[in-house]
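Report on one structure; see the data block that follows.
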Amino acid sequence: MLWQVLEGLSQDSAKRLRFVPGVVFADEGAACGQSPEDRAKTLAEVKLVLQTVGFPWHIVALEEVFSLPPSVLRCSAREPVGTEGAYKAAVDSFLQQHHALGEEKQSRPCPQHPQGRAGLPTASQTEALSRLFNSVKTLTAKEELLQTLRTHLILHVARTHGYSKVMTGDSCTRLAVKLMTSLALGRGAFLAWDTGFSDERHGDVVVVRPMREHTLKEVAFYNRLFAVPSVFTPAVDTKAPEKASIHRLMEAFILRLQAQFPSTVSTVYRTSEKLVKAPRDGCAAGSPGPRCLLCMCVLDVDTADSATAFGAQTSSQLPQTQPPVAEAEAPTVSRCRSGMGRAQHCCRMEEDDPRARVIEQLCYGCRVNMKDLPSLDPLPPYILAEAQLRSQRAEAEQEIQECLPEAHEDGARPGATSAEQEGADGRVACDHPFV
């Protein structure tokens, strides 16, 4: 993908690209169990390739997620689409900027890129990241957690340096495997975002996948024929058996079918193209509703008091035994109110259980993965801080709603005139002479 962008920006290109790209490399060696020597060797090879390309580059370590702000998990508003005049102005600005960059390269044969990583991550951050991944029980949950943290880190880098688009190198084969994996993990509601060409869930930063039309074999042939330099790094599932995780199992299944039936990948991929990004029922007219704390998609779960399979599963997880309360004290002591069933359960269980407070803010797929994490303490601080902030905001909104008078409480009815309302007030005053 990087070489395709480089070719599109050249003077000989028939349709020249009109943007200034930057390259982000996320060092995941600590999560994959690499030694410091191997990580340093990999970074040296990556820097050599990035310096050859000549684009601004940013090298970040996965350990930096422990210093991210909680604002990463908030969906920022997108800027309004400009008119034709604004587009022409943007093109003129790009040409001027590109011309200035060309003059700067001529004046400095060996350009320096201050956007690169200033220093190595601290030993405490590396130890915290290793402790986090070691505490996860299954390889499937590790791969999902790694993908989530990588997305948050890249999103933070894009917002910090003013990028509005993030291009990923997901190929057609990878997206076909991802589609089947997401279905198995309970993320079927988000397939259009996870495998589509564009992903607008983050608001101000849009994730695009320009390589989704090419298979892995086509990418390999292109790299071979055009001598594209490559850097190979181990992944979390390197040397893992076929049935070690759902990701590995689905990948082996798709590739085995592709070897026997060459149209397998394209068929699965074309199916993903037909998916439509439709909001949930009740969220189309107003705001999109609460979002997942990790994947930032709209929550696809139902409340505990809903007549669905998930609602029954959630209600079955509530404590079955409660302390006895006297009948006379029940109306005054009970803290359970009608209308508080949505994600607050009985007696505000989330105040006593921090894990339940975080779980209730996750979608179904993320909840399944969090079951393989025994404790929430190893999670990065920005996730726990945002979860606490959302819980406090929800409690404050609930208290405000409880303090507001109801529509029919004072005898008012929809569509009543002022004269009718005054008459109703007079009747209420006569019924209660002591008021």
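The values are calculated or read from the model by the stated rules, or taken from the named source; none is laboratory data. Small disclaimer: the values here were computed from a predicted structure and weren't measured. As a convention, Cβ positions derive from the backbone with ideal geometry for all residues, glycine included, and neighbour counts pool all protein chains shown. Accessible surface is based on the protein model in full, side chains and every heavy atom, while ligands, DNA and RNA are left aside. Shrake-Rupley method; radii C 1.70, N 1.55, O 1.52, S 1.80 Å.
What to note about this one:
- Of the criteria (1) modelled with pLDDT under 90; (2) assigned to a helix (DSSP H, G or I); (3) open to solvent by 80 Å² or more (accessible area, probe 1.4 Å), which one F310 fails: (3)
- Inside the stretch 41-60, residues that are β-branched (V, I, T) and in contact with a strand residue (DSSP E or B) (Cβ under 6 Å, 6 or more places away or on another chain) make up a count of 3.
- Screening E218 on (1) of a type in the set (D, E); (2) in a loop (DSSP other than H, G, I, E, B); (3) surrounded by fewer than 17 Cβ atoms within 10 Å (Cβ to Cβ) shows it passes everything except condition (2).
- Residue in the stretch 348-370 that is surrounded by 12 or more Cβ atoms within 10 Å (Cβ to Cβ), at pLDDT below 80 and at positive phi present: yes
- Take the conditions (1) modelled with pLDDT of 80 or more; (2) open to solvent by less than 30 Å² (accessible area, probe 1.4 Å); F94 misses just one of them, which is (1).
- The residue that is nearest to V136 (Cα to Cα), among those in the stretch 221-230 that are hydrophobic (A, V, I, L, M, F, W, C) and open to solvent by 50 Å² or more (accessible area, probe 1.4 Å), is F221.
- Residue within the stretch 188-201 that is farther than 13 Å from L175 by Cβ, free of Cβ contacts under 8 Å to residues at least 24 places away in the same chain, open to solvent by 70 Å² or more (accessible area, probe 1.4 Å) and out of contact with any Lys or Arg (no Cβ under 7 Å at 6 or more places or on another chain) present: no
- Only one of G169, G196, G186 that is at positive phi and not aliphatic (A, V, I, L, M): G186
- Matching residues, the stretch 150-190, being over 23 Å from A235 (Cβ atoms) and among the aliphatic types (A, V, I, L, M): A189
- E200 being charged (D, E, K, R), under 23 Å from V276 (Cα atoms) and touching a strand residue (DSSP E or B) at 6+ places or on another chain (Cβ under 6 Å): yes
- The set of residues in the stretch 231-247 that are part of a loop (DSSP other than H, G, I, E, B), of a type outside the set (D, E) and either touching a residue at least 60 places away in the same chain (Cβ under 8 Å) or surrounded by 14 or more Cβ atoms within 10 Å (Cβ to Cβ) (or both) comprises V231, T233, P234, A235, V236, T238, A240, A244, S245.
- Here is the figure for the stretch 41-56: residues that are open to solvent by 60 Å² or more (accessible area, probe 1.4 Å) and either under 19 Å from T238 (Cα atoms) or polar (S, T, N, Q) (or both) total 3.
- The set of residues in the stretch 377-401 that are surrounded by 16 or more Cβ atoms within 10 Å (Cβ to Cβ) and either among the aliphatic types (A, V, I, L, M) or within 18 Å of the chain's Cα centre (by Cα) (or both) comprises L379, P380, Y382, I383, L384, E386, A387, R390, A394.
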